[in-house]
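First the structure, in the form of structure tokens, and then the observations on it.
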Amino acid sequence: MSVTTAKIRPLIAPPRRGAAAGDETERKFISNGMLALLMVIGTEMMLFSALIGSFIVFRLQAAFWPPPALPRLPIGVTWINTFVLLASAGTMTLAMRAVHQSRQRLLRRWIAVTGVLGVTFLAVQGSEWVRLIAHGLTLSSGVYGATFYILIGLHGLHVCAGVIWLCGVAMAALGGRYNARNAAPVELCTVYWYFVCAIWPVLFVLVYLL
């Protein structure tokens, strides 16, 4: 009987104790911060969906789109700007990979590159707006002008918020705050940046190409 018991005991894994067991349990569930962010993103997606739906209705009802008297949108430079923003999603992925590997130098580098790409996207878009306004396309230029500036402007505000967030993450990364055990702030910023990048191709196709 004692021999049987001795053979069985090693096969039974001892229960995990202490902080390690608690950490393993926590990783199985979504964090409060991520849940809150996903709720915010869900709300923003509903807002964009409503605006996109209104845009499609106006687009289908219009006899001419865009109206003949208004300037055409700069498609060529916006194509390039689209690639700039999508490239920033790739650099943000590299930043998240770096923090999971506790590679501080790479983390700071890719966060900085992502921020530069985001600022470049905003700068190019701002220069487009200046030229369009100079050629007569304003917020009061009927439904066409209003829908353009509301949709594209709202996305621009989200990109601007993302850039500010990136700056905060970059400053904390300079102090060596993030590593494999404390990667949640970088992960949250990454998920938001993915949302900003994902919504843009939809707007680009609807507003610029159709």
Only one of 196, 207 that is surrounded by 15 or more Cβ atoms within 10 Å (Cβ to Cβ), at pLDDT below 95 and either in a helix (DSSP H, G or I) or acidic (Asp, Glu) (or both): 207
Matching residues, the range 169-180, being in contact (Cβ under 8 Å) with a residue 12 or more places away in the chain and closer than 21 Å to residue 34 by Cβ: 169, 170, 172, 173, 178, 179, 180
Extreme residue, nearest to residue 59 (Cα to Cα), among residues of the range 171-193 that are of a type in the set (S, T, N, Q) and surrounded by 14 or more Cβ atoms within 10 Å (Cβ to Cβ): 190
Selection from the range 146-164 of residues that are in contact (Cβ under 8 Å) with a residue 12 or more places away in the chain, surrounded by fewer than 16 Cβ atoms within 10 Å (Cβ to Cβ) and not aliphatic (A, V, I, L, M): 160
Residue among 43, 82 that is polar (S, T, N, Q), in contact with a Phe, Trp or Tyr (Cβ under 7 Å, 6 or more places away or on another chain) and assigned to a helix (DSSP H, G or I): 82
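So that you can scan it fast, the table gives a plain yes or no per residue for (1) within 24 Å of residue 41 (Cα to Cα); (2) part of a helix (DSSP H, G or I); (3) among the basic types (Lys, Arg):
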position	(1), (2), (3)
122	yes, yes, no
128	no, yes, no
136	no, no, no
147	yes, yes, no
162	yes, yes, no
166	yes, yes, no
182	yes, no, no
Given (1) surrounded by 19 or more Cβ atoms within 10 Å (Cβ to Cβ); (2) out of contact with any Gly (no Cβ under 6 Å at 6 or more places or on another chain), index of the condition residue 143 fails: (1)
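The values are calculated or read from the model by the stated rules, or taken from the named source; none is laboratory data. Quantities reported herein were computed from a predicted structural model and do not represent experimental measurements. Backbone-built Cβ (ideal geometry, glycine too); neighbour counts: all protein chains shown.
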